[in-house]
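Here's the structure, in structure tokens; my notes come after.
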Amino acid sequence: MPIFEMPLEKLLTYGGTNPRPDDFEVYWARALTQMRALGTGCELYPADFSAPGVECFDLWFTGVYGARVYAKLLRPKGKENCPAILRFHGYSMNSGDWSGHLHYAQSGFVVAALDSRGQGGRSQDVGGVMGNTLSGQIIRGLDDPDPDRMLTRALFLDTAQLSRIVMALPFVDANRVGATGGSQGGALTLAAASLDPRIKCLAPVYPFMCDYRRVWDMDLAADAYKELKDYFRRFDPQHRREEEVFTKLGYIDLQHLVSRIRGETLMCTGLMDTVCPPSTQFAAYNKIRAAKRFELWPDFGHENLPGVDDLIFRFMMEVLA
């Protein structure tokens, strides 16, 4: 193991550091009630992209707080009762090119690839929070008196709403839906499967948004987590509210949500990852109660893990096809 991280045997038992708010269950019960009240309606429009044997659609739905949320939807032409896969992208990015999803669609899967609200795609961030909006979605809404206004809560709910919408499509087999993504996409994969436990399998790759306090204690609040350091430097330079801040971040710390997962889980981790440290990933993994396994890349960090896409494709085919 690299010197910045704990030994592997400790990773496998690490229980996390970031505090869990006392009303955590009530918080997420309220959030799910708000999201479920929106139903499973969506709008599908033919996309300006096509490929042999695949129909492509722009999918729109209205998420919490009225945001318009977008996803690419690909459907195997003429097929019914299809398995489906939800795909989530990295922080600040988007759902990518249509062609990047064709291998699943041409293998018989319906594919729904989400644009996270307020990032590099077409989904809307409706705003309306108090406090910082310069950058950083983790800390968006952190200073709002109402913890329900934290933007990451809405990002998590969008994933579960998309899952419900896809499962309700007449050509999808709701019992055969999986989810995958890397970094933020790995986090959103965990969120989707936590908030909609009907998801049958999931493959998060070096998931983000786990165990914020551990990142801070390791002095790795940089890159994806840089906004934590920015927040304290700008808004709490003497750390008088440190415990309050990390406790509030506990609402959106996935290690506290993942015990709800029921789907078979494959987590992929690079042990040299200083962006989303392995211990933060295992803080969540160790709390998953469903069937699970992990794959490690000892010499790789937060980067392309050779063979990971093939591994996940085979996993999805074995469980869902």
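Each value in this text was obtained by applying a stated rule to the coordinates, not by laboratory testing. None of these values were measured; they are calculated from a predicted model. For neighbour counting, all protein chains shown are included, and Cβ atoms are generated from backbone atoms with ideal geometry for every residue, glycine included.
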As computed over region 149-203, the Cα convex hull volume per residue (Å³)
64
Rounded Å value of the spacing that divides the Cα centres of region 1-22 and region 44-113:
36
If N is the residue count of region 8-316, its Cα Rg over 2.2 N^0.38 Å rounds to 0.95
Between Trp60 and Asp223, how many nm apart are label points set 7 Å from Cα along the C-beta direction?
3.7
Everything considered on the Cα gyration tensor (a ≥ b ≥ c; rounded for a/c under 1.5, else prolate if a/b is larger than b/c, else oblate), region 189-321 must be described as oblate
Could you tell me the distance between the Cα centroids of region 191-220 and region 118-161, to the nearest Å?
17
Could you please rank Cys201, Cys276, Cys42, placing first whichever residue has the fewest other Cβ atoms within 10 Å of its Cβ?
Cys42, Cys201, Cys276
Among the listed pairs Lys200/Lys248; Lys72/Lys292; Lys10/Lys287; Lys79/Lys200, which have their C-alpha atoms separated by more than 22 angstrom in this model?
Lys200/Lys248; Lys72/Lys292
Going by a ≥ b ≥ c, the root eigenvalues of the Cα gyration tensor, does region 218-288 fall in the rounded group (a/c under 1.5), the prolate group (a/b larger than b/c) or the oblate group?
oblate
